[in-house]
Amino acid sequence: MKIIVGLGNPEEKYAKNRHNVGFMVLDKLLAVRWESKFEALTCKVGDTLLVKPQTFMNRSGDSVSEIVNFYKVSTDELIVVHDDLDIRLGEFKIQKGIGPKVHNGLTSVEERLGKKDFWRVRVGVDNRTVKIAGEDYVLSDFSSDEETIINKIIKEIIDHLAAQFKI
């Protein structure tokens, strides 16, 4: 079994925030029926469990660790999708054990798992043209032009996940 976790914040007011790009990717993975378990929304698609933690970003590790431990899944089978300010909008990287300099959601996951060696889908969201603090920027919505870019890259991410991880 593989577990794909999309990081984001649970309330509707955050739905189009840059910080919720992890949720956006999972929503495009043909999740049909979300169930509430482990302080998360989960959906089984084949042998893959999709997970959207319903704690706020800074406590994402609570539900992720509970799910990983319950299903006894190794970190080789864990894929976490998240926003990344170290990468420009329209780009992404899939890497194991490598993440942005600062990301409270990932820090929470790493601390709760006691490991950093899981897969990360680092989705670039940085499109700043003026100086704005990262924590404020990621909690702002994508513009309509940026939504077009992010929707295109989400399709590419899904294609890469399907090819690389046989999802």
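Since every read-out is calculated from the coordinates, none of them should be taken as a lab result. Bear in mind that the values here come from a model prediction, so they are computed numbers and not experimental data. Please note: Cβ atoms are built from the backbone with ideal geometry, for glycine as well, and neighbour counts cover all protein chains shown.
Would you calculate, for the chain, the mean residue ellipticity at 222 nm contributed by helices, counting each DSSP H stretch of 4 or more residues as -39,500 (n - 2.57) and dividing by all residues, to the nearest 500?
-10000 deg cm²/dmol, from helical runs alone.
Explain nothing, just compute: Karplus ³J(HN,Hα) = 6.51 cos²θ - 1.76 cosθ + 1.60, θ = phi - 60°, for every residue of the stretch 2-17 in order, whole Hz, x for Gly and Pro.
With the stated coefficients, the stretch 2-17 comes to 10, 10, 10, 10, x, 8, x, 10, x, 7, 4, 5, 9, 3, 9, 6 Hz.
Test of understanding: ordering ASP62, ASP117 by Cβ neighbours within 10 Å, fewest first, what list do you get?
The fewest-first ordering by Cβ neighbours comes to ASP117, ASP62.
Out of residues 5 or more away from ILE167 or on other chains, whose amide H comes under 5 Å of its own, with H placed 1.01 Å from N in the peptide plane?
ALA162
So for the chain, averaging the separation of alpha carbon pairs under 8 Å that are six or more residues apart and normalising by length, what relative contact order in percent results?
Relative contact order, the chain: 27 percent.
Give the distance, in whole Å, between the Cα centre of the stretch 115-167 and the Cα centre of the stretch 33-60.
19
Rank ILE150, ILE98, ILE132 by mean-square fluctuation in a GNM of the chain with C-alpha springs under 10 angstrom and give only the top-ranked residue.
Highest fluctuation of the listed residues: ILE132.
Taking the Cα centre of the chain as origin, work out the dipole magnitude from +1 charges on Lys and Arg Cβ and -1 charges on Asp and Glu Cβ, in debye rounded to 20.
340
Listed here are the pairs LYS28/LYS166; LYS101/LYS131; LYS13/LYS115; LYS13/LYS166; LYS115/LYS155; which of them are more than 27 Å apart at the Cα?
Flagged as over cut-off: LYS13/LYS115; LYS13/LYS166; LYS115/LYS155.
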